[in-house]
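Beneath this line is the structure, given in structure tokens, with notes to follow.
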Amino acid sequence: MDTCIEKIRAIGADLLAKGTVEKVIGFADGSIPMATRPMALTSDKDVDKLVFNSVCGLNLANYVSKNSLSNKEGKIAVVAKGCDARNLVTHIVENQISREQIYIIGVPCTGMVDKRKIAALFDDEITGFEEHGDTLTITSASKTETVKKADVLRHNCRVCTHRNPPVYDVMAGDPVEEQTLDHPYEDVDQIAAMDLDARWAYFENLTKNCIRCYACRNACPLCYCPTCFVDESSPQWVGKGQNEIDVTTFHFLRAFHCAGRCTDCGACVEACPMGINVRDFTRKLNKDALELFGWEAGLVLDKRPPLDAYSPNDPNDFIK
Amino acid sequence: MMGNLLEHMGVDRDRIHFSWISSAEATKFVDVVKEISEKVRALGPNKKFVKDYNK
Ligand code: SF4
Ligand code: SF4
Ligand code: SF4
């Protein structure tokens, strides 16, 4: 994956120099090791700031300004992994941006790492992170650890079957082989195997440390409402405190608003300061979207998400 | 899908009902309400997704 970055920089520089795009949104190094941040470049002289590695876990589709279409903004290039590209497609389908306003620099992706898993190997602060092929070398004041990237992949990347962007303007590398999975929704089935009370307890336990910071919502490209239902005050749809039912209501509704739209990019989990796997909610919806509607979000430009469109063939045995 | 997610989170399926009833379908309305009441009564009081204001 190291090789892609030279290509990404060259493409970015060319697009900016020729004025094909107004800005390039990509990843840049963060202020601490093992972190990256989104960055928007407007000059081809800055492209050396761009990086691409295994800690680019955020979703850059989130940083294309929402309502770009109605604001008639200029063309933007976005560095996009498989999942970012799928969320850009979703933006286009949902009329947040037009296809012409966006230039997708597709990056074949081999997955992002779970930083919490790596941090758990250390008692002290991580001071260095290096990547060579599929080997990661992480250092702290007390020791150096070498791990295989495959052993520390995020769960969503382990089960990702769309590592290559389905839609793009240019690719920054050769396509990677897509994974085929025997049991793609094992995590969902494990929860489904519990009895009702155990499931309720599982989700209560899952969200018990939630501090309602809404980082999961803010990191998600799907959440572009000008005022989120949790922030409304007239009417106030949900209590704003730490009451566990309010917390559960927030999580249930946030997830449901992503039904049939979620690409399982994992940005929500990446952003959560409390390490909560909020994907446990959206994964069930993704599984249902696939099983009931044969749908995976963000793969095609000419179809709307299943809950957004009516078809006489929609499953309707739940309704009396 | 909403019902499925609620059930996945541990809410009893018999508490979740969806129906489409025209304002002219009085008997259907009565039948549906009866059926829902019976199912929910059989389950007893709901303890999940209930906000306790005393906490
Ligand atoms: S979900 Fe897929 S495309 Fe996205 S970062 Fe993980 S492996 Fe890459
Ligand atoms: S809900 Fe999470 S996994 Fe799904 S699209 Fe949003 S950020 Fe990505
Ligand atoms: S990011 Fe984590 S702590 Fe913050 S609201 Fe979401 S789940 Fe709760």
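The values are calculated or read from the model by the stated rules, or taken from the named source; none is laboratory data. Keep in mind that this is a model prediction, so the values were computed, not measured. Note that each Cβ is placed from the backbone with ideal geometry, even for glycine, and that neighbours are counted across all protein chains shown.
Worth a mention:
- Residues located in region A:69-122, provided they are within 14 Å of the chain's Cα centre (by Cα) and over 24 Å from A:Leu15 (Cβ atoms): A:Gly111, A:Met112, A:Val113, A:Asp114
- Here A:Lys45 fulfils each of the conditions (1) within 13 Å of ligand 1 (Cβ to nearest atom); (2) more than 22 Å from A:Cys268 (Cβ to Cβ) apart from (1).
- Residue count for region A:259-286, restricted to those that are more than 11 Å from chain B (Cβ to nearest Cβ) and either outside any helix (DSSP H, G or I) or not aliphatic (A, V, I, L, M) (or both): 16
- Every residue from region A:104-139 that is within 16 Å of ligand 3 (Cβ to nearest atom) and closer than 27 Å to A:Ala172 by Cα: A:Asp114, A:Lys115
- Which listed residue is part of a helix (DSSP H, G or I), buried (at least 23 other Cβ atoms within 10 Å of the Cβ) and of a type outside the set (Val, Ile, Thr), from A:Cys83, A:Cys56: A:Cys83
- For B:Lys34, the test of being away from chain A (no Cβ under 11 Å), farther than 21 Å from A:Ala192 by Cβ and not β-branched (Val, Ile, Thr) is passed.
- Filtered residue count, region A:202-222, keeping only those that are of a type in the set (Val, Ile, Thr) and within 18 Å of A:Asp84 (Cβ to Cβ): 0
- Filter result for A:Ala289 (in contact with a Cys (Cβ under 8 Å, 6 or more places away or on another chain) and either within 16 Å of ligand 2 (Cβ to nearest atom) or part of a loop (DSSP other than H, G, I, E, B) (or both)): no
- Taken over region A:226-254, the criterion of being in a loop (DSSP other than H, G, I, E, B), among the aliphatic types (A, V, I, L, M) and within 14 Å of another protein chain (Cβ to nearest Cβ) is satisfied by A:Val238 alone.
- Residue in region A:78-101 that is touching a residue at least 40 places away in the same chain (Cβ under 8 Å), away from ligand 2 (no atom under 16 Å from the Cβ) and in the same structural domain as A:Cys258 (by TED's automatic domain parsing) present: yes
- Qualifying residues in region B:37-55 (those that are in a helix (DSSP H, G or I) and over 10 Å from the mean Cα position of the chain (by Cα)) - the one nearest to the other protein chains (Cβ to nearest Cβ): B:Leu43
- Residues being in a helix (DSSP H, G or I), within 11 Å of another protein chain (Cβ to nearest Cβ) and more than 14 Å from B:His8 (Cα to Cα) - total across region A:193-210: 0
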